[in-house]
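Okay, structure first, notes after.
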Amino acid sequence: MRIIKTQQDFDVLRRVKALPAVLLDQVEDYFQQLRDEQVDELESEFCLGMRGYIVVLEAGDNVRDLGNVGLSRERGGMLGSCPEYVELLDVGGGLQAYKIAVLYDNDYLMTFFTQAGAHDEEVEQWLKDQAEGR
């Protein structure tokens with residue numbers, strides 16, 4: 001699991017090659033959109049956090065227990081959430097990823113990205129169903 005709140009987080013992830021570059025590009029484009037929408041001229045460096053941030057889920061992450069990012073095991077983690085939307089993205093190089101937006105309250109939206117095929121069958125089916133609006 002990778003948590004992204006600032007541009008510096010992208011710099012670190014690129015340097016250590018923690019994620020596929022095409023996926024990181026997609027996530028960074030979204031980050032830039034959020035920055036452009038929320039920019040505060042008094043702020044020296046844009047930082048997500050007060051209104052939610054970006055989480056990139058990786059193979060092996062337990063999506064049923066994401067308590068450290070507000071989706072508790074007792075409630076089913078990601079599978080127990082009611083996302084605002086789930087979108088299947090073609091990120092390039094034959095790679096697909098899901099973008100999942102979960103509204104925690106009126107002011108706090110968390111956005112999750114995960115590679116398609118990175119999780120077990122139940123999770124992949126849930127993601128597919130959510131993306132298709134089922």
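Readers should treat all values here as calculations from the given coordinates under stated rules, not as data from a laboratory. The shown structure was predicted, so the numbers you read here are calculated from the model rather than taken from an experiment. Positions of Cβ are backbone-derived with ideal geometry, glycine not excepted, and every protein chain shown enters the neighbour counts.
Rank the residues VAL69, VAL91 as a footprinting-exposure proxy: fewest other Cβ atoms within 10 Å of their Cβ go first. If you can, show how the numbers build up before the last one.
Working: VAL69 18, VAL91 21.
If I rank by nearby Cβ atoms, fewest first, I get VAL69, VAL91.
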Listed peptides 80-87, 26-33 by packing density, highest first (mean Cβ within 10 Å) | 26-33, 80-87
Return the distance in nm (one decimal) between the two label points of a simple spin-label model at GLU84 and ARG15, each offset 7 Å from Cα along Cα→Cβ.
-> 3.2
Which Rg and Dmax, in Å, describe the Cα atoms of the chain?
-> 14.6, 46
For GLN125 and ARG73 in the same chain, what is the full-extension length gain: residue separation times 0.36 nm, less their Cα-Cα distance, in nm?
-> 16.8 nm
Fewest to most Cβ atoms within 10 Å: MET1, MET110, MET78 sort as MET1, MET110, MET78
Efficiency by 1/(1 + (r/R0)^6): what FRET value for GLN8 and ASP107, r their Cβ-Cβ distance, R0 = 35 Å, to the nearest 0.05?
-> 0.90
Relative contact order computed over segment 2-131 (Cα-Cα under 8 Å; 6+ residues apart), in percent | 23
